[in-house]
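Everything below concerns the one structure shown next.
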Amino acid sequence: MIEELHAKATKGRAATNGRATLGRTTLLRDVYRSLINSGRTYAAFRDEDRSTVARLIDRSPVLDPMSGYGGLARLCAELGIQSSGIEYNPAQYFWQLLSHPARTDMHLRAIATLLRQRRNWPRTRQRAVVADEFFPHDTRALVERLFNLIQTTVAELPSSVAKPWEVTASLLLPFSGRLACTSPGDVSTHTKEGGTCVLLGWQDDFSSYLDALRSHLELIKERSKCINHEVILGDARSVDLGNRRFRSMFTSPPYPNHRDFSSILLPENTLLKVIGCSNGFDVPFVREGIIGSNFVKGAERHCPTSSVANRFMAEALTVRRNKRAEYDDEVYYMPYFRNYFYSLENAYHNIAKYLHASFEGYVVIVNNTHRGIVIPVSEIVQDIWQSLGFRTEVFHAMESSHMGAKNPRAKGLRARHTEYVVRIWR
Ligand SMILES: C[S@@+](CC[C@H](N)C(=O)[O-])C[C@H]1O[C@@H](n2cnc3c(N)ncnc32)[C@H](O)[C@@H]1O
């Protein structure tokens, strides 16, 4: 069984147009396979968004207060525009640091050194570990040794690195899920805590990872016309941007569809805590702080002020449901929606303070459904911005199938999602 998995794992290396990529059978996590191979993953901006971002070329830097994997920075880099991104989820923030065009040379040098030093990579006699936590003692020791090796490599680079641990964490995180004890989640973006970690062949996978990452970074280097991109680890609801006033924004909110960003990257954020404890750094992160995270039990109860949000929730309660669905709505879905819309209002309220009088922005939004009715996120976003004194219009709308849908077999309305690009200005 383990040999079979190992054979599968070593086939996880592929090549696309001469570029090293990670094959479908890689044991690295799907989310990082997509990010490394294509530069984007679930809910990130697409190349189609480029022409809208280009409209903001004279309003640089463009702000994204919920910047995810850095889709805006990528588009801006290619267009030659500066950007500023805020992101609350540490694992996504570290991915942005890893893909940052001003850091590619440093990362490429670290990768080259690591590949040359393969004989120094930590070894383990175990072929697999089974545990009910992500990083039990055995894999934790391995990950710590790998972290130390990368950190030593980074510290010895000729260019001075302000925070070697940050560079180390960004290089290690995309691979760390390969060394976690996990089992598959119900959708490919998720993975559950506890399960098997196949250690056999991990070094070959680390080598494939470094090769594919090198190709990814070389592409960024080749395509980036601008390397000035600010990345801030912070909460959009409370971040303090001082006396700065942005003249443009291009952003996309998390969606209320239970694919929350705190669970998607749980192994990586757990690893940050684990290695942070033993290496003297602490990355602030509270899972509940991620807007759209599905924590309801014990969470503070809040109500949004948006009348469109409240109308949607009232309508959702009139849908014919069985007793079980009524109960679920009462104890879970309604508190969830109330917290989601309330948090979104708070975030936009805080960000609006930092927007210039001549501001223009765009918000990309996909509307989902709940019990057969559309969750009108795009109308609610417009309602919130209007209440903050801005003008809004639907700049572009496109119907697509299964975009952001949790269930790939969903049919009818549940499978159809409309993507809106909302324009906001004063
Ligand atoms: C739809 S995603 C953005 C994806 C991004 N446009 C891209 O291209 O990668 C929304 C992001 O909002 C982030 N987010 C959630 N709560 C936040 C908060 N309180 N402050 C800042 N960002 C937050 C999520 O972690 C997620 O990365």
> Between rounded, prolate and oblate, where does region 56-121 land on the alpha carbon gyration tensor, with a ≥ b ≥ c its root eigenvalues, rounded for a/c under 1.5, else prolate if a/b exceeds b/c?
Replying inline: oblate
>> Can you list residues from other chains, or at least 5 along the same chain, whose modelled amide H is less than 5 Å from the amide H of residue 191?
In response: 185
> Where only protein heavy atoms count, and the probe is 1.4 Å, what is the accessible area per residue for region 247-331 in Å²?
Replying inline: 50 Å²
> From a point 7 Å beyond the Cα of residue 115 in the direction of its Cβ, which residues of region 218-239 have a backbone N at a distance under 19 Å?
Replying inline: 218-223
>> Residues of region 170-196 with the amide nitrogen closer than 13 Å to a label point 7 Å from the Cα of residue 124, along Cα-to-Cβ, please.
In response: 176-182, 195-196
>> With θ taken as phi - 60° and the coefficients 6.51, -1.76 and 1.60, list the Karplus ³J(HN,Hα) couplings across region 98-105 in order, rounded to whole Hz; mark glycine and proline as x.
In response: 5, 8, 5, x, 7, 10, 4, 4
> Put +1 on the Cβ of each Lys and Arg and -1 on the Cβ of each Asp and Glu in the chain; which of 61, 213, 381 then has its Cα farthest toward the positive end of the dipole?
Replying inline: 213
> Say a site is exposed when it is one of the GluC sites (Glu not before Pro), sits in a DSSP loop, and has at most 16 other Cβ atoms within 10 Å; what is then the longest site-free stretch of the chain?
Replying inline: 157-299
> When the solvent-accessible surface of protein heavy atoms is calculated with a 1.4 angstrom probe, in what order do 137, 396, 417 fall, highest first?
Replying inline: 137, 396, 417
> Along region 340-349, what does the Karplus equation 6.51 cos²θ - 1.76 cosθ + 1.60 (θ = phi - 60°) give for ³J(HN,Hα), rounded to whole Hz, x for Gly and Pro?
Replying inline: 4, 5, 4, 5, 4, 4, 4, 5, 5, 4
> HN-Hα J couplings of region 275-287 from phi, Karplus 6.51/-1.76/1.60, θ = phi - 60°, integer Hz, Gly and Pro as x?
Replying inline: 6, x, 4, 8, 10, x, 10, 9, 9, x, 6, 10, 3
> Of 163/297; 273/323; 163/225, which sit over 31 Å apart, Cα to Cα?
Replying inline: 163/297; 273/323
> Full extension from residue 203 to residue 156: what is 0.36 nm times the residue separation minus their Cα-Cα distance, to one decimal in nm?
Replying inline: 14.7 nm
>> Counting only protein heavy atoms and a 1.4 Å probe, tell me what percentage of the chain's accessible area is made up of carbon and sulfur.
In response: 48 percent
> Between residue 353 and residue 425, what length in nm is gained on full extension when 0.36 nm per residue of separation is reduced by their alpha carbon distance?
Replying inline: 24.6 nm
> With a ≥ b ≥ c the root eigenvalues of the C-alpha gyration tensor of region 89-247, is it rounded (a/c under 1.5), prolate (a/b larger than b/c) or oblate?
Replying inline: oblate
> So what does log10 I(q)/I(0) come out to for region 23-157 at q = 0.22 Å⁻¹, using the Debye formula with one equal point on every Cα and no solvent?
Replying inline: -1.38
>> With the crude spin-label approximation of a point 7 Å out along Cα→Cβ, what separation in nm comes out for residue 105 versus residue 288?
In response: 4.6 nm
>> If DNA, RNA and ligands are ignored and the probe is 1.4 Å, what is the ranking of 297, 192, 323 by accessible area, most exposed first?
In response: 297, 323, 192
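The values are calculated or read from the model by the stated rules, or taken from the named source; none is laboratory data. Note that the structure is predicted; figures quoted are calculated from it, not measured. Reconstructed Cβ throughout: ideal geometry from the backbone, glycine too, with neighbour counts over all protein chains shown. With ligands, DNA and RNA removed, areas are computed over all heavy atoms of the protein, side chains included. Shrake-Rupley method; radii C 1.70, N 1.55, O 1.52, S 1.80 Å.
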